[in-house]
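The values are calculated or read from the model by the stated rules, or taken from the named source; none is laboratory data. This structure is a prediction, so every number in the text was calculated from the model and none was measured. Note that each Cβ is placed from the backbone with ideal geometry, even for glycine, and that neighbours are counted across all protein chains shown. Please note that ligands, DNA and RNA were not included when accessible areas were found on the heavy atoms of the full protein model with its side chains. Shrake-Rupley method; radii C 1.70, N 1.55, O 1.52, S 1.80 Å.
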Amino acid sequence: MIFLSLFLVLGLYSFVSVGSLLGMLVNITRYDELQKRTVFNSLAFSMFFLLVIYLAQLILSFFGPVYQKAALIISAGGFQQGGLISISPLHIDSFFFACLVVSIVYTINRYRYGLIDNQYLIKRIIFPLVVILAIIVFPGLIFWFLKVIIPTILFWLVK
C-alpha cells in the first residue's frame, strides 16, 4: 500500500514537473551561465537515464510475458493502458515519466550548484510531497488498524 501511495505521489509530482519543465524551457533565455549549465546538464543526464530505462525495458520484453508486463509499467498509450497514471494496472505514461525524471534531476542539479538552498528544498518540494503522501496513506492505515489490529486484540482478550 505504501508503494502504491508513493507511486501516486510521484505521479502527482510528474504533473507538476510538466509545468516546471515548460517554465524552465520558456525562461532559458533569461538565465545566466550557471543556470543554463544546470539546465543543459539536467537534460543530458536525464536523456542518459531514460535511455538506460528504455534499454532495460527492451531487454525485459524479450524474456516472456511476465517480464513484458513489468516492461509496460512505463509506456506510451495513455488511456489505452488504463490511464495516464494508474494503479490497476500499474502504469505511468512515458511522457510524464520523462518529465518526472527531468524535474528530479533538475532539482538535484540546482541544489548541487547552489541555486536553491535546504529551506527551499524542504518547504517547496519535500514537505508538500510528504503531506500528500500522508493524506493518501493515513486513511488506509486507519482502516487497516480498525480491520486487522482491533479484531486481533479483541480475539486475544476474549480468549
Probe 1.4 Å, all protein chains present, accessible-area order of Leu50, Leu12, Leu157, largest first: Leu157, Leu12, Leu50
Amide H within-cut-off set for Tyr31, under 5 Å, with H built and near neighbours excluded: none
From the C-alpha gyration tensor of segment 93-147, square roots of 5λ in Å: 30, 17, 6
Å² per residue, accessible surface of the chain at 1.4 Å: 67 Å²
Selected from Ala44, Gly140, Leu121, residue furthest toward positive end of dipole (the chain; charges at beta carbon): Gly140
Tyr106, Tyr120, reordered so the largest accessible area comes first (probe 1.4 Å): Tyr120, Tyr106
D (Stokes-Einstein, µm²/s), Kirkwood Cα radius, the chain, 0.692 mPa s at 37 °C: 180 µm²/s
Crossing angle, helix 33-61 versus the chain [Cα axis fit, 0-90 degrees, rounded to tens]: 50 degrees
Volume per residue that the Cα convex hull of segment 118-159 spans, once the total is divided by residue count, Å³: 57 Å³
Heavy-atom accessible area order for Arg112, Arg37, Arg30, largest first, 1.4 Å probe: Arg30, Arg112, Arg37
